[in-house]
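The values are calculated or read from the model by the stated rules, or taken from the named source; none is laboratory data. Everything numeric here is computed off the predicted structure, so don't read it as measured data. Here Cβ is always computed from backbone atoms with ideal geometry, including for glycine, and neighbour counts include all displayed protein chains. Heads up: the accessible areas ignore ligands, DNA and RNA and are worked out on the full protein's heavy atoms, side chains in. Shrake-Rupley method; radii C 1.70, N 1.55, O 1.52, S 1.80 Å.
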2 protein chains.
Amino acid sequence: MSSSLLRLIRLLSGGFSNQTQAYENPPLFAHILVHFRPLPQLEAGSLLLEQSYAIDPMVPYRIRVLRPRISDGQIIIDNQSIKDPQRFWGSVHDAERRALIKPSDLLPLPGCSYVVKEKSEGFSGEVEPGCRCLVERKGTTAYLVSSFEINDSMMWTIDRGHDPQTHEQRWGALAGPFEFQRTTDYSAEIPASWSDHFQSEVTTQL
Amino acid sequence: MSSSLLRLIRLLSGGFSNQTQAYENPPLFAHILVHFRPLPQLEAGSLLLEQSYAIDPMVPYRIRVLRPRISDGQIIIDNQSIKDPQRFWGSVHDAERRALIKPSDLLPLPGCSYVVKEKSEGFSGEVEPGCRCLVERKGTTAYLVSSFEINDSMMWTIDRGHDPQTHEQRWGALAGPFEFQRTTDYSAEIPASWSDHFQSEVTTQL
């Protein structure tokens with residue numbers, strides 16, 4: 001399992017762009033950038049996530065700290081928001097500011113972990129069951145139904161909001177998944193200590 | 001009718017952006033720019049249309065010459081494409097190149113005219129009935145179902161592609177209409193001769 005976890009962290013540690021999809025389907029898909037970048041000062045596996053419109057990469061519409069881990073023999077990605085997130089907007093491109101993110105800046109997002117499955121070519125994941133990952137958009141609350149797939153070269157994501165009472169879809173992804181090409185590889189920034197950490201975790205579990 | 005036509009041409013002659021919508025609904029709406037700009041060298045009423053992703057305003061994904069006119073007492077907007085359109089990409093922002101567009105550059109788009117209704121606050125229009133406005137996307141053909149509304153400050157558009165056989169929706173606008181704010185007013189560029197033209201047309205029709 002620990003080698004799977006490291007493989008997932010390596011695959012995620014990159015920059016992704018759906019430029020091809022946006023240009024092949026105007027005007028149906030916004031051109032979006034997604035970056036996941038290791039945060040070596042935090043718990044092993046912690047990755048800063050920023051998602052932005054390509055036109056405004058320093059003003060992400062979503063900034064999170066994700067942490068893949070093993071729980072009961074399954075890969076889970078914990079999802080955390082950041083207090084006063086504007087302090088860290090764009091820090092995925094700015095090592096100095098990124099290094100300032102500390103454990104006390106993180107806020108857990110209960111119900112918003114991803115449950116991940118390994119596949120031959122990569123991984124797929126979706127938000128844990130329970131309809132508990134609540135998100136607000138324009139004053140109304142929906143629960144998030146979100147999934148992704150990732151391999152060496154591509155990533156696909158779908159986000160949808162559903163009504164907590166009726167379970168009807170409220171917004172999102174009706175034109176199909178976002179389809180991203182990998183544009184940057186940050187896996188060389190994964191600290192060696194993380195490999196050691198995950199190896200020793202396995203030993204402890206035996 | 002001629003005063004309605006001039007009112008429509010004035011309302012259309014502008015620049016429009018859905019930035020607010022894109023930023024309120026990330027990542028569901030691409031940030032899009034739409035410009036309609038008078039082409040005084042062409043038939044009265046001719047407007048150059050360019051639609052582009054905001055990130056790439058000089059590479060429109062759609063460039064057309066529209067011409068509002070009166071037909072059988074109804075306002076129609078004729079829709080024309082341009083031969084070798086790349087010559088004129090971005091010319092909505094470049095008076096010199098724009099002035100080079102000549103009648104022989106235009107290609108009629110049969111079945112793709114808009115039928116327009118005047119309302120107290122502006123106009124609404126939709127592609128003429130008949131399912132004849134065929135568009136290709138990724139090698140498959142669909143017919144366009146497109147509508148718009150426009151007033152002094154805003155414009156809304158919906159584009160959808162439907163299967164010519166089954167009439168099922170194939171692509172487009174599932175998240176709702178694009179919602180544009182007016183950002184530029186080009187109505188001062190409407191030549192005085194167009195008013196004279198439409199006035200005399202009315203006189204002829206009486």
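Key figures
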| quantity | calculated |
| --- | --- |
| Conditions (1) polar (S, T, N, Q); (2) more than 22 Å from B:Glu149 (Cβ to Cβ); (3) within 14 Å of chain A (Cβ to nearest Cβ): number failed by B:Asn25 | (2) |
| First in region B:4-20 and among the hydrophobic types (A, V, I, L, M, F, W, C), second anywhere and part of a helix (DSSP H, G or I) and surrounded by 20 or more Cβ atoms within 10 Å (Cβ to Cβ), Cβ under 8 Å, 6 or more apart | B:Leu5/B:Phe198; B:Leu6/B:Phe198 |
| Breaking point among (1) at pLDDT 95 or above; (2) under 26 Å from B:His93 (Cα atoms), for B:Lys119 | (2) |
| Strands (runs of 3 or more DSSP E) (entirely within region A:101-198) containing at least 2 residues that are in contact (Cβ under 8 Å) with a residue 24 or more places away in the chain and under 15 Å from A:Leu66 (Cβ atoms) | A:106-108, A:114-118, A:122-127, A:140-151, A:154-162 |
| Residues satisfying the stated conditions in region A:34-53, i.e. open to solvent by 10 Å² or more (accessible area, probe 1.4 Å), touching a residue at least 60 places away in the same chain (Cβ under 8 Å) and not acidic (Asp, Glu) | A:His35, A:Phe36, A:Arg37, A:Pro40, A:Gln41, A:Leu42, A:Ala44 |
| Any hit, region A:73-95, residues being among the basic types (Lys, Arg), in contact with a strand residue (DSSP E or B) (Cβ under 9 Å, 6 or more places away or on another chain), part of a loop (DSSP other than H, G, I, E, B) and loosely packed, with under 15 Cβ neighbours inside 10 Å | yes |
| Residue check, B:Arg137 modelled with pLDDT of 95 or more, open to solvent by 20 Å² or more (accessible area, probe 1.4 Å) and basic (Lys, Arg) | no |
| Selection count, region B:45-57, where residues are within 14 Å of chain A (Cβ to nearest Cβ) and assigned to a loop (DSSP other than H, G, I, E, B) | 4 |
| Total residues in region A:151-161, condition at pLDDT 95 or above and either buried (at least 16 other Cβ atoms within 10 Å of the Cβ) or closer than 18 Å to A:Pro129 by Cβ (or both) | 3 |
| Which numbered condition A:Lys102 misses (of (1) exposed (fewer than 14 other Cβ atoms within 10 Å of the Cβ); (2) modelled with pLDDT of 95 or more; (3) within 14 Å of another protein chain (Cβ to nearest Cβ)) | (3) |
| Residue match in region B:105-123 (condition: away from chain A (no Cβ under 14 Å), open to solvent by 50 Å² or more (accessible area, probe 1.4 Å) and in contact with a Gly (Cβ under 9 Å, 6 or more places away or on another chain)) | yes |
| A:Asp94 at pLDDT 95 or above, over 16 Å from the mean Cα position of the chain (by Cα) and closer than 28 Å to B:Asp56 by Cα | yes |
| Counted residues, region B:58-67 - those being more than 10 Å from chain A (Cβ to nearest Cβ) and either in contact with a strand residue (DSSP E or B) (Cβ under 6 Å, 6 or more places away or on another chain) or open to solvent by less than 20 Å² (accessible area, probe 1.4 Å) (or both) | 5 |
| Flag for A:Ile70 being touching a residue at least 60 places away in the same chain (Cβ under 8 Å) and either crowded, with 18+ Cβ neighbours inside 10 Å or in contact with a helix residue (DSSP H, G or I) (Cβ under 7 Å, 6 or more places away or on another chain) (or both) | yes |
| Answer residue from region A:4-22, given it is closer than 14 Å to A:Ile55 by Cα and either open to solvent by less than 20 Å² (accessible area, probe 1.4 Å) or not polar (S, T, N, Q) (or both) and is nearest to the other protein chains (Cβ to nearest Cβ) among those | A:Ala22 |
| Selection count where residues are within 12 Å of chain A (Cβ to nearest Cβ) and within 14 Å of B:Ser187 (Cβ to Cβ), scope region B:28-37 | 0 |
| Filter result for the condition that a residue is under 27 Å from A:Asp72 (Cα atoms) and open to solvent by 30 Å² or more (accessible area, probe 1.4 Å), over A:Pro129, A:Pro177, A:Pro164 | A:Pro129 |
| Some residue of region B:122-129 being of a type outside the set (Val, Ile, Thr), at pLDDT below 95 and closer than 21 Å to A:Ala22 by Cα | no |
